[in-house]
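Working notes, structure below.
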Ligand SMILES: [Zn+2]
Ligand SMILES: [Zn+2]
C-alpha cells in the first residue's frame, strides 16, 4: 500500500527525511488540522479522547498533504494497520 518515492537513493535515506519531517512544526500544524477535520475521532473505530495519529496513505504528497492523503487513527487502529507496536510518543 505504501509507495516509496523513487527520487530517494535508499529506504534509509527516505525514512531519515521522513522522520525529520514528522518532527517539523509544519507537519505538527498540518496534523492538528487533519485531526480537527476528522472531528477528533479515529476514522476507523470512531474512538474519541485518545491520542490520535495521522497515518500517511502514501508519501507522494509529503509536505503538502491533503485530507485524502492521510487517515486519522487511534493508536490501536494504527498499530493494527502497521502490524507493530508504537511508542506512545511516536506519532
Ligand atoms: Zn481506532
Ligand atoms: Zn502509519
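The values are calculated or read from the model by the stated rules, or taken from the named source; none is laboratory data. From a predicted model like this one, the values you see are computed outputs, not experimental measurements. Reconstructed Cβ throughout: ideal geometry from the backbone, glycine too, with neighbour counts over all protein chains shown.
Residue selection: residue 6 fails the criterion of being modelled with pLDDT of 90 or more and surrounded by fewer than 12 Cβ atoms within 10 Å (Cβ to Cβ). Screening residue 27 against (1) part of a helix (DSSP H, G or I); (2) surrounded by 13 or more Cβ atoms within 10 Å (Cβ to Cβ); (3) more than 15 Å from ligand 2 (Cβ to nearest atom) leaves a single unmet condition, (3).
Restricting the stretch 70-82 to residues that are assigned to a helix (DSSP H, G or I) and touching a strand residue (DSSP E or B) at 6+ places or on another chain (Cβ under 7 Å) leaves a set whose member that is surrounded by the most Cβ atoms within 10 Å (Cβ to Cβ) is 78. Of the residues making up the stretch 30-46, those that are exposed (fewer than 12 other Cβ atoms within 10 Å of the Cβ) and not in a helix (DSSP H, G or I) number 2.
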